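Working notes, structure below.
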Amino acid sequence: MAKRKWYVVWEGVKPGIYDSWDDCKAQVQGVAQAKYKSFDSLKEAEAAFKSNYWAAIGSPKAAAPKTKASVGTYQRDSVAVDAACSGNPGPMEYQGVHIGTGKQLFHIGPLPDGTNNIGEFLAIVHALAWLKNQGRPDMPIYSDSRNAQLWIKAKKCRTKLEPTGRNEKIFEMIERAEFWLQQNKVTNPIIKWETDVWGEIPADFGRK
């Protein structure tokens with residue numbers, strides 16, 4: 001009998017601990033730079049998940065800070081998106097800004113009883129749809145939300161937010177965004193904004 005293993009997914013569709021390779025594979029297949037590793041015991045897997053991928057594989061990258069030399073620079077002819085939420089849930093809004101000019105391209109909200117992750121997800125989809133209408137299928141989109149980028153890859157807003165009656169509009173927007181992702185091919189590069197190197201993303205609401 002094959003020895004049982006547990007699988008930790010740090011970066012994938014849904015990070016967590018899985019007790020079968022098939023379940024783990026469903027979270028990492030097709031995800032660029034997915035990070036996962038198998039362990040011989042649940043205790044080892046739980047400890048590793050609480051830590052980080054680089055520590056688990058014993059890589060010196062765990063202590064290597066990102067620099068301009070290692071990540072390069074961002075493209076100015078691009079769109080930056082960001083969201084803000086006062087509370088969790090709370091009033092949520094998001095916007096898109098052209099990095100080169102600083103021009104606001106769109107702004108939605110505030111809408112009641114939302115979350116920051118939902119706002120980040122909706123902002124990326126809004127930018128994708130806006131750029132398609134502008135005939136710019138290749139313009140990069142920058143987001144500082146890893147979760148939102150994973151949700152885009154999954155074509156699903158994986159929020160745990162419950163409907164309250166006040167956030168009906170938000171759930172309608174989520175449904176439309178998911179439908180758009182199902183019906184349209186994503187061609188715009190969606191790039192992680194490196195805040196530690198480049199500073200706050202240009203679409204930041206400045207409320208930290």
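The values are calculated or read from the model by the stated rules, or taken from the named source; none is laboratory data. Predicted model, so just to flag it, every value in this text is computed and none were measured. Methodologically, a virtual Cβ is constructed for each residue, glycine included, from the backbone with ideal geometry; neighbour enumeration extends over all protein chains shown. In case anyone asks, the SASA skips ligands and DNA or RNA and just uses the protein heavy atoms, side chains included. Shrake-Rupley method; radii C 1.70, N 1.55, O 1.52, S 1.80 Å.
Within the set of pairs 6+ apart or on separate chains, which have a first residue in the range 27-47 that is of a type in the set (S, T, N, Q), a second that is part of a loop (DSSP other than H, G, I, E, B) and open to solvent by 40 Å² or more (accessible area, probe 1.4 Å), and C-beta atoms under 8 Å apart?
Between residues of the range 27-47 that are of a type in the set (S, T, N, Q) and residues that are part of a loop (DSSP other than H, G, I, E, B) and open to solvent by 40 Å² or more (accessible area, probe 1.4 Å), the close pairs are 27/14; 27/15; 38/5.
Among the residues of the range 74-98, how many are part of a loop (DSSP other than H, G, I, E, B), buried (at least 20 other Cβ atoms within 10 Å of the Cβ) and touching a Ser or Thr at 6+ places or on another chain (Cβ under 9 Å)?
Pass one, the range 74-98, residues part of a loop (DSSP other than H, G, I, E, B): 74-78, 86-89.
Next, only the ones that are buried (at least 20 other Cβ atoms within 10 Å of the Cβ) stay: 78, 89.
Still in the list and also touching a Ser or Thr at 6+ places or on another chain (Cβ under 9 Å): 89.
Total meeting the criteria: 1.
Could you tell me how many of the residues in the range 37-58 are out of contact with any strand residue (DSSP E or B) (no Cβ under 8 Å at 6 or more places or on another chain), loosely packed, with under 15 Cβ neighbours inside 10 Å and in a helix (DSSP H, G or I)?
Residues that pass the stated criteria total 4.
Under 8 Å by Cβ, and 6 or more places apart or on different chains, what pairs join a residue from the range 128-148 that is open to solvent by 30 Å² or more (accessible area, probe 1.4 Å) with one that is among the hydrophobic types (A, V, I, L, M, F, W, C) and not in a helix (DSSP H, G or I)?
Taking only residues 6 or more apart or on different chains, the pairs are 130/79; 130/105; 130/106; 144/193; 144/201.
I need the full set of residues from the range 187-205 which are among the polar types (S, T, N, Q) and either open to solvent by less than 30 Å² (accessible area, probe 1.4 Å) or assigned to a loop (DSSP other than H, G, I, E, B) (or both), in order please. First the steps, then the outcome.
Within the range 187-205, the first condition is being among the polar types (S, T, N, Q), and the residues that meet it are 187-188, 195.
Within the range 187-205, 187, 188 qualify.
Tally the residues that are charged (D, E, K, R), open to solvent by less than 60 Å² (accessible area, probe 1.4 Å) and more than 19 Å from residue 94 (Cα to Cα), restricting the search to the range 149-184. Talk me through it step by step, then tell me what you get.
First pass over the range 149-184, keeping only residues charged (D, E, K, R): 153, 155-156, 158, 160, 162, 166, 168-169, 172, 175-176, 178.
The next check asks that each one be open to solvent by less than 60 Å² (accessible area, probe 1.4 Å); those that pass are 178.
Imposing the further condition that a residue be more than 19 Å from residue 94 (Cα to Cα) reduces the set to none.
Final tally of qualifying residues: 0.
Looking only at the range 111-131, count every residue that is charged (D, E, K, R) and under 17 Å from residue 95 (Cα atoms) and tell me the total.
We begin by selecting, within the range 111-131, every residue charged (D, E, K, R); these are 113, 120.
Checking the rest, the ones that are also under 17 Å from residue 95 (Cα atoms) come to 120.
The qualifying residues number 1.
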